[in-house]
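Okay, so here's the structure we're looking at.
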Amino acid sequence: MRKYALAATAILGVAASLPARAGSLYVFGDSLSDDGNLYHLIGLPPAPYYDGHFSNGKIWVEYLPGLTDLSGSPTDNFAYGGAFTGPITVNGTYYGTNLEGASLPGISTEIAGFAASGGHFSAGDVVTLWGGANNYFLYAGLVQANPSQAVPLVTSAVSTAITQLTADATSLAQLGARTLIVPNVPNLGETPAYNGSALGTALGNAFASLHDAALPAAMERVHNATGANIIVLNTQQLLNNVIANPSVYGFTNVTQACINVSACLNGSAATQADYVFWDGVHPTTHAQNYIARYAATSLNGFESLSIPGQLGTQGALDFNTLLDDRMDALRAGATGLSYNIDGATGSNAAPDQKLGIFISAGGGFGNRNNSDTALGYSYNDAVVALGADYRFTQHIMAGLALGYGSNHANINEGGTVRDNAFELGLYGLAQWNHAYATLAASYGHGWYNTQTPGVIGNAPTGKPTGTSYAVDAFGGYLFPVLPSLQLGPEAGLTYTNTGLGAYTQSGDPLLTQSVYSQGYQQVFATTSLVVSGQWQAGGVALSPYAKIGAQILLSGRNAKFTSSFTGEPVVALTSTYPKLPPAWAVFTVGANASITRQLSASASLDTTGFMSTGNSLLLSAGLRYSF
């Protein structure tokens with residue numbers, strides 16, 4: 001029995017790893033992301049702002065680690081309130097890098113300081129970059145002072161911000177960032193600072209509209225140039241949806257600043273949570289939590305896209321396992337085929353019975369741990385096979401089987417994947433004296449159902465279909481060491497190929513994803529030590545066996561495919577299947593019982609061990625009747 005890559009819980013003293021990755025959250029930006037940096041520098045903002053935050057409580061980047069598998073620390077937050085995207089000069093006048101003071105840090109200087117101190121990102125880190133609004137606040141004042149220059153000033157403001165954000169994102173990618181979250185700018189005209197007049201609303205929305213139209217293409221260029229994945233959050237659509245449907249999200253006031261309303265400012269936390277805005281432009285902590293949920297579900301949804309392919313591969317291997325189990329049972333003495341290669345007399349063989357039918361079923365469970373760029377999952381699986389085999393000679397037999405598999409995965413951080421597949425398999429066994437060789441090949445067609453958490457709509461659901469192939473070949477030699485005991489080596493190769501067609505995961509307009517076709521292949525070698533025996537007990541011929549071995553991954557470590565969030569500004573993302581470890585242990589125990597000359601039963605238990613990405617267990621059993 002060969003359970004290659006059966007993800008799972010460990011037995012035989014091998015414990016599964018905790019589902020956590022080493023990645024940290026790093027933060028760059030302005031007051032929307034500042035957790036107290038500006039306050040510690042110059043004392044802004046003072047009370048009644050919360051602990052130096054530009055809000056009445058935690059901000060979105062402080063909620064984000066608890067909604068993902070990332071670790072978060074204030075020391076990894078480099079955002080400063082008032083930060084421009086970079087240095088700003090307008091019509092010969094230099095305004096510095098920060099709205100609160102020309103010499104205070106801007107986003108470009110935040111990144112430069114991080115780099116100068118030796119800062120660098122690991123593959124599992126996630127970096128947030130949110131800026132642009134302070135640029136537009138500066139330019140809005142210039143427009144109000146000179147209305148005739150509104151068009152060139154707005155155009156120049158957006159061009160400068162997008163150019164600098166592109167450079168900022170590129171710099172972060174060059175420092176090792178592989179995943180960035182870059183929110184766009186919500187409609188500034190809907191904020192209390194601008195919604196009091198038609199001119200203010202139009203001007204604020206003009207900045208946001210042009211910015212949000214240009215940002216996706218800019219981030220796509222960064223992705224193409226650096227390979228970094230950039231998730232662009234459409235905070236404009238999020239805010240618009242909240243304003244249009246406030247009660248759905250627990251708000252009652254979407255136009256006023258809580259800090260300017262005595263009943264809110266001096267009210268309870270529950271009263272303040274009724275407001276979207278804390279001051280003229282900054283959200284309350286309740287609204288910040290929604291931004292964090294949006295960022296988390298976007299990240300988690302993207303990082304779960306490789307799970308259907310992994311689950312399909314699991315299903316293919318499960319079915320092949322039943323075919324391998326069938327041949328192991330035949331070698332161990334199942335009625336209808338001699339087992340004289342084990343040194344036994346063959347007293348339970350029935351050479352005149354060439355045709356046999358069998359039914360076999362298996363079930364198991366396991367886990368895959370989170371990797372640097374992909375979420376893990378826990379799963380349970382079930383597979384059943386019905387087949388027939390024919391003995392052409394005393395030494396050669398072959399069979400055909402049909403099967404059905406059902407796998408269910410619970411994604412770490414939320415969501416599920418289901419896979420139901422029909423399988424067709426061929427298998428063959430050749431044996432002579434103490435040597436044997438087996439070959440199993442299968443084809444499956446699967447129907448998947450994916451579901452992840454939503455934010456402003458129904459849970460995003462996808463229904464991809466796909467195919468899977470699995471082929472394995474093994475050979476071994478068992479030496480008689482006692483009259484009823486044999487011992488020897490076994491070695492083989494396994495190949496899997498799982499493909500999914502393109503599909504759309506939709507439901508929540510913010511989280512709709514177009515996922516392009518993908519393929520996932522693996523090749524690994526197995527070497528094992530096999531021990532087998534035969535005993536008679538109460539008229540039943542019992543043939544137990546056990547295997548201990550190692551599997552070595554030969555290829556299949558870096559399969560990639562692309563996707564995009566179509567409900568947000570579209571930027572291509574590249575998913576990478578998580579790396580399997582270079583090697584891991586495998587253990588098998590099983591037995592065949594020849595009950596009569598025509599009826600036999602078998603059972604086996606298989607597990608992986610010392611597999612850093614997660615271990616597995618599968619229990620299978622079957623019956624065979626020969627004619």
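The values are calculated or read from the model by the stated rules, or taken from the named source; none is laboratory data. Everything numeric here is computed off the predicted structure, so don't read it as measured data. Virtual Cβ from ideal backbone geometry, glycine too; neighbours counted across all protein chains shown. Note: areas computed on protein heavy atoms with side chains; ligands, DNA, RNA excluded. Shrake-Rupley method; radii C 1.70, N 1.55, O 1.52, S 1.80 Å.
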* Asked: Which length gain, in nm to one decimal place, applies between K354 and L400 when the Cα-Cα distance is subtracted from 0.36 nm times their residue separation?
  -> 15.1 nm
* Structure fact -> From the Cα centre of the range 84-122 to that of the range 263-294, the distance in Å is 29
* Structure fact -> As straight-line cross-link partners of K354, the qualifying aspartates and glutamates (C-alpha separation under 17 Å, not fewer than 8 residues apart within one chain) are D389
* Ordered by packing density, taken as the mean number of other Cβ atoms within 10 Å over each peptide's residues, highest first, how do 411-417, 40-46, 579-585, 177-183 rank? -> 177-183, 411-417, 579-585, 40-46
* Any chance you could list P(r) for the chain, counting all Cα-Cα pairs in 10 angstrom bins from zero, rounded to whole %? => 3, 16, 22, 18, 13, 10, 8, 6, 3, 1, 0
* Asked: Rounded to the nearest 500 deg cm²/dmol, what is the calculated helix-only ellipticity per residue at 222 nm for the chain, with -39500 (n - 2.57) per DSSP H run of length n ≥ 4?
  -> -8000 deg cm²/dmol
* Surface share of carbon and sulfur [accessible, 1.4 angstrom probe, percent] for the chain -> 62
* Asked: Taking K560 as the anchor, which lysines have their alpha carbon closer than 26 Å to its alpha carbon, excluding any fewer than eight residues away along the same chain?
  -> K3, K463, K579
* Structure fact -> Rg (one decimal) and Dmax (whole number) from the Cα set of the range 494-541, in Å, equal 23.8, 67
* Tell me, what HN-Hα J-couplings in whole Hz come from the Karplus equation 6.51 cos²θ - 1.76 cosθ + 1.60 at θ = phi - 60° for each residue of the range 439-449, using x for Gly and Pro? -> 9, 9, 9, 9, 10, x, 10, x, 10, 10, 9
* Asked: Given the Cα-Cα distance of A102 and A123 and 0.36 nm per residue of separation, how much length would full extension add, in nm?
  -> 4.1 nm
* Segments 298-311, 435-448, 608-621 sorted - mean Cβ within 10 Å per residue, highest first -> 298-311, 608-621, 435-448
* Rounded to the nearest 0.05, what FRET efficiency do K560 and Q174 give with R0 = 25 Å and r taken as the Cβ-Cβ distance? Could you check? => 0.75
* To do: With a cut-off of 19 Å, note down the residues of the range 179-212 whose backbone N falls inside the zone around a label point 7 Å from the Cα of V261 toward its beta carbon.
  => 189-197
* **Rounded FRET efficiency, nearest 0.05, which uses the C-beta distance separating A537 from A225 and R0 of 56 Å** => 0.20
* Structure fact -> Once both label points are put 7 Å beyond Cα along the C-beta direction, the L424-A213 separation in nm becomes 5.4
* For Q521 and S484, FRET efficiency with R0 = 35 Å and r from the beta-carbon atoms, rounded to 0.05? -> 0.25
* Bridge type composition, the chain - antiparallel percent by DSSP, nearest 5 -> 90
* Please compute the net charge surrounding L233, taking Lys and Arg as +1 and Asp and Glu as -1 over other residues with Cβ under 12 Å from its Cβ. => -1
* **Cα radius of gyration and Dmax for the range 520-622 (Å)** => 21.2, 72
* Structure fact -> Rounded to the nearest 10, the angle in degrees between the Cα long axis of helix 107-116 and the longest principal axis of the Cα atoms of the chain comes to 60
* To do: State in Å² the accessible area per residue of the chain; use a 1.4 Å probe, count heavy atoms of protein chains only, and round to the nearest integer.
  => 36
